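Chemist: Quick one: the structure is below, and I'll ask about it shortly.
Only the coordinates and a few stated rules stand behind these numbers; no lab work does. No experiment lies behind these values; they were computed from the predicted model shown. Quick reminder, even Gly has a Cβ in these numbers, built from the backbone with ideal geometry, and neighbours come from all protein chains shown.
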Amino acid sequence: MEYQIRSKESANRRLYNNLVKKRIVLLVVLFIGLAFLTILNISIGSSSIAIREILSVLFTGGGDGHNPMIIREIRLPMALMAMGIGASLGIGGCGIQTILRNPIASPFTLGISAAASFGAAMGLILNANLFHVSDTLAVTVNAFAFSLLVAVGIYMFSRQSNISKTAIILFGIALNFLFNALTMILQYIADEDELQSLIFWTFGSLLKTTWNKFFIVFAVLAVCFFILFKDAWKLTAMTLDDTKAKSLGVDTAKVRRKVIFVTSLLSAVAVCFVGTIGFVGLIAPHIARQLVGEDQRFFMPLSALTGAFIMSFAFVASKVIIKGVILPIGLITAIIGIPFFVTIIFSKMRTMQ
Amino acid sequence: MITVNNLHFSYKKSKGAHKVFDGLNIAFARGFNVILGPNGAGKSTLLKAIFGLLHYDGNIVYGQESITAMDTEDRIKLMSYLPQMDVEISTLTVLEMVILGRLPELGHKISDEDLDIVMDTLESLNIAALAARNFSELSGGQKKLVFIAQTLVRKPKLILLDEPVNSLDLQKQLELCQLLQKIVDKQGVDIIVVLHDINLAARYAGHIVVMDEKGSFYSAGRPDEVITPRMLKEVYGVIANVTCDEKGTPMVSPVCSVRRV
């Protein structure tokens with residue numbers, strides 16, 4: 001996107017540019033904040049590294065001792081992974097909130113993440129390979145299959161007439177309980193090593209990040225973002241009601257299918273590599289909506305950036321709350337997220353039918 | 001212009017179906033058409049069927065082309081439609097809301113053409129000053145005008161409006177009808193409007209179609225041909241006086257309902 005300001009712009013163009021300028025400034029500010037948090041994330045750890053040293057390692061290839069290796073191979077991919085996962089969840093939440101027209105929908109609150117978690121656990125503990133793909137992919141594909149199943153289920157449920165928005169959320173919560181219980185059964189029968197990996201999933205942690213995992217997350221994120229962003233105007237129309245969107249020429253069923261597929265994929269990938277991360281997919285779009293409204297040309301990128309920002313912030317918090325201990329990041333996002341969740345319920349549920 | 005041939009349609013319900021049209025035939029004229037009829041006559045349903053939101057049996061034809069057989073893309077290019085019930089709350093600004101009306105060809109970067117059409121339309125509805133406001137902050141009438149603008153910016157050949165004057169004050173009702181008439185005269189656009197206000201219809205419509213409460217065609221023609229005490233009694237169940245002003249426009253003053261209460 002480019003918004004050129006010509007010397008002889010029309011009054012109409014000026015009006016529009018003024019409207020858009022604020023939003024672009026917001027995106028830029030958040031991006032800079034995010035870059036700062038990322039540097040901070042690399043700096044903080046079991047041993048802290050000076051910011052000057054980080055910049056010199058990253059941009060000039062200098063530095064000596066262990067630090068360059070720690071920065072390049074451990075902390076940088078982890079910091080980037082926090083961003084990537086945050087952005088994935090932000091976009092997933094933005095998409096699902098749009099198609100359900102429901103501000104408390106998110107992959108986590110609807111049980112999509114829990115289902116992905118269960119799928120992954122099945123691959124890990126029962127060595128289930130449901131779709132006979134290669135072993136390395138099995139866990140991811142299982143997770144995706146279950147998240148898609150739940151997303152489609154939620155969608156079908158929401159399509160019935162006279163279903164209130166609250167009912168959809170309660171249905172999601174029921175699914176959440178169901179898949180958590182199923183995952184617990186697997187935990188119960190797991191041996192000690194397997195249990196260790198499972199715990200990692202239920203808490204959500206960035207510590208197992210590798211460059212390869214990051215690239216997969218990033219590639220999926222980029223593709224999904226591109227697919228959804230192409231339909232930005234159609235999605236904007238879908239924030240209104242269905243008849244309205246149809247009267248504007250939007251094939252609502254097709255857009256919904258696309259969003260469900262993409263959201264499930266994003267949730268599944270996030271769960272596979274860092275486990276269940278709650279509330280980011282809920283809060284990020286909420287904040288973005290307050291800031292720029294639902295014009296998806298801005299709403300969607302801002303949801304991604306906000307999600308990335310929250311995750312990076314939570315990652316910083318997870319390392320400084322107890323000195324020398326890195327708390328699982330999923331616990332931090334839950335602690336940050338629950339007050340938000342409650343506030344949204346109080347402010348939005350009253351107006352929802 | 002639009003002809004509706006042998007239209008059959010029912011709303012599916014849990015117990016059986018609710019029949020709306022059973023072999024409806026209607027011909028609309030070029031220019032300013034108004035559909036009149038009591039509540040439940042199927043006026044809104046007819047507009048939905050024409051726009052292609054319903055699965056019906058029968059054939060709807062525009063000129064020589066069958067709208068029924070058209071794909072969505074062509075249909076969207078041909079017409080725009082203003083639903084009766086509309087969105088109340090949205091986080092969009094007025095400008096964005098109206099730009100959405102340009103959707104089929106809308107790019108991520110808004111072209112000068114898009115912007116100019118949108119702002120000109122807002123200007124013609126006297127709401128250009130609201131462009132940067134949040135939609136949710138507007139009054140009911142202003143919201144209605146925003147959606148009317150959204151319907152107009154697509155520059156369709158045929159515009160379907162379902163009770164567009166609802167929630168507009170008297171002055172804005174007249175202004176809207178004058179604007180619609182101007183669009184019909186200057187741009188050669190055909191419009192079909194559902195109205196409840198018979199006097200408003202009498203003043204502005206070129207062609208009126210009356211439907212009765214069974215969802216059947218009752219009569220059609222110029223306002224002075226259609227708006228008669230007999231029609232008002234048989235279709236609306238109302239005793240009313242109909243007088244004509246100096247231009248020959250009929251004026252209805254209702255007296256009482258035929259039904260005993």
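Chemist: In the stretch A:248-353, what trypsin sites (Lys or Arg not before Pro) fall in a loop by DSSP, with at most 16 other Cβ atoms inside 10 Å?
Modeler: Listed in order of number, the matching sites are A:Lys323.
Chemist: Any idea how far the Cα center of the stretch A:33-49 sits from the one of the stretch A:59-98, in Å?
Modeler: The stretch A:33-49 and the stretch A:59-98 have Cα centres spaced 10 Å from each other.
Chemist: Next up: Considering only the other residues whose Cβ falls under 15 Å of the Cβ of A:Thr202, what net charge follows from Lys and Arg at +1 and Asp and Glu at -1?
Modeler: Neighbourhood net charge equals 0.
Chemist: Let me ask something else about it. For the modelled label position 7 Å from the Cα of A:Ser10 along Cα-to-Cβ, which residues of the stretch B:91-118 have backbone nitrogen atoms closer than 11 Å?
Modeler: B:111-118
Chemist: Taking K and R as +1 and D and E as -1, what net charge do the other residues with C-beta under 10 Å from the C-beta of B:Leu92 add up to?
Modeler: Result for the neighbourhood of B:Leu92: -3.
Chemist: Among the trypsin sites (Lys or Arg not before Pro) in the stretch A:170-230, which ones are in a DSSP loop with at most 16 other Cβ atoms within 10 Å of the Cβ? Mind listing them?
Modeler: A:Lys208
Chemist: Could you work out how far helix B:140-152 tilts from the main Cα principal axis of chain B, as a 0 to 90 degree angle to the nearest 10?
Modeler: Roughly 80 degrees, rounded to the nearest 10.
Chemist: If you bin every alpha carbon distance in the stretch A:89-248 into 10 Å steps from zero, what whole percent lands in each bin?
Modeler: 10, 33, 35, 17, 5, 0
Chemist: Additional query: So what are the three principal axis dimensions of the stretch A:248-315 from its Cα atoms, in whole Å, longest to shortest?
Modeler: 43, 29, 14
Chemist: Right, next: Can you spot the lysines whose alpha carbon is less than 16 Å from B:Lys12's alpha carbon? Ignore those fewer than 8 places along the same chain.
Modeler: Counting by Cα, and skipping residues close in sequence, B:Lys12 has these lysines nearby: B:Lys48.
Chemist: What does the charge count near B:Gly42 come to, summing +1 for each Lys or Arg and -1 for each Asp or Glu among other residues with Cβ under 11 Å from its Cβ?
Modeler: So the environment of B:Gly42 carries a net charge of +1.
Chemist: Computed over the Cα atoms of the stretch B:214-261, what is the ratio Rg over Rh, Rh following Kirkwood?
Modeler: A ratio of 1.01.
Chemist: Next question, about the same structure. Sort largest first and round to whole Å: the equivalent ellipsoid semi-axes of chain B, each the square root of five times a Cα gyration tensor eigenvalue.
Modeler: 31, 23, 18
Chemist: Can you pull the Rg over Rh of the protein assembly as shown, Cα-only, Kirkwood?
Modeler: 1.07
Chemist: Shifting gears a bit: Figure the gain on full extension for B:Glu225 and B:Arg259 (residue separation times 0.36 nm, minus the Cα-Cα span) and round it to one decimal in nm.
Modeler: Contour length minus the Cα-Cα distance gives 9.7 nm.
Chemist: Which longest uninterrupted range of chain A lacks any chymotrypsin sites (Phe, Trp or Tyr not before Pro) assigned by DSSP to a loop state (not H, G, I, E or B) and surrounded by at most 12 other Cβ atoms within 10 Å?
Modeler: Within chain A, the longest run free of exposed chymotrypsin sites (Phe, Trp or Tyr not before Pro) spans A:132-353.
Chemist: Tell me, what ³J(HN,Hα) does each residue in the stretch B:246-252 have, in order and in whole Hz, if you take phi through Karplus 6.51 cos²θ - 1.76 cosθ + 1.60 with θ = phi - 60° and put x for Gly and Pro?
Modeler: 5, 8, x, 7, x, 10, 9
Chemist: Distance check, please: which entries in B:Lys13/B:Lys77; A:Lys246/B:Lys19; A:Lys258/B:Lys157; B:Lys43/B:Lys144 exceed 28 angstrom between their Cα atoms?
Modeler: Beyond 28 Å between Cα atoms: B:Lys13/B:Lys77; A:Lys258/B:Lys157.
Chemist: What spacing in nm lies between the two simple spin-label points modelled at A:Ile227 and B:Asp71, each 7 Å away from Cα in the Cβ direction?
Modeler: Going by the 7 Å Cα→Cβ label model, 2.2 nm.
Chemist: Return the Rg/Rh ratio of chain A with Cα-based radii and a Kirkwood Rh.
Modeler: 0.99
Chemist: Give me a comma-separated list of calculated 3J(HN,Hα) values for the stretch A:235-249, in order, Karplus coefficients 6.51, -1.76, 1.60 applied at θ = phi - 60°, integers in Hz, x for any Gly or Pro.
Modeler: Rounded to whole hertz, the list is 5, 4, 4, 6, 6, 7, 8, 5, 4, 4, 4, 5, 5, 8, x.
Chemist: Let me ask something additional. Wrap a convex hull around the Cα atoms of the stretch A:275-353, take a quarter of its surface area, and give that in square nanometres.
Modeler: 6.0
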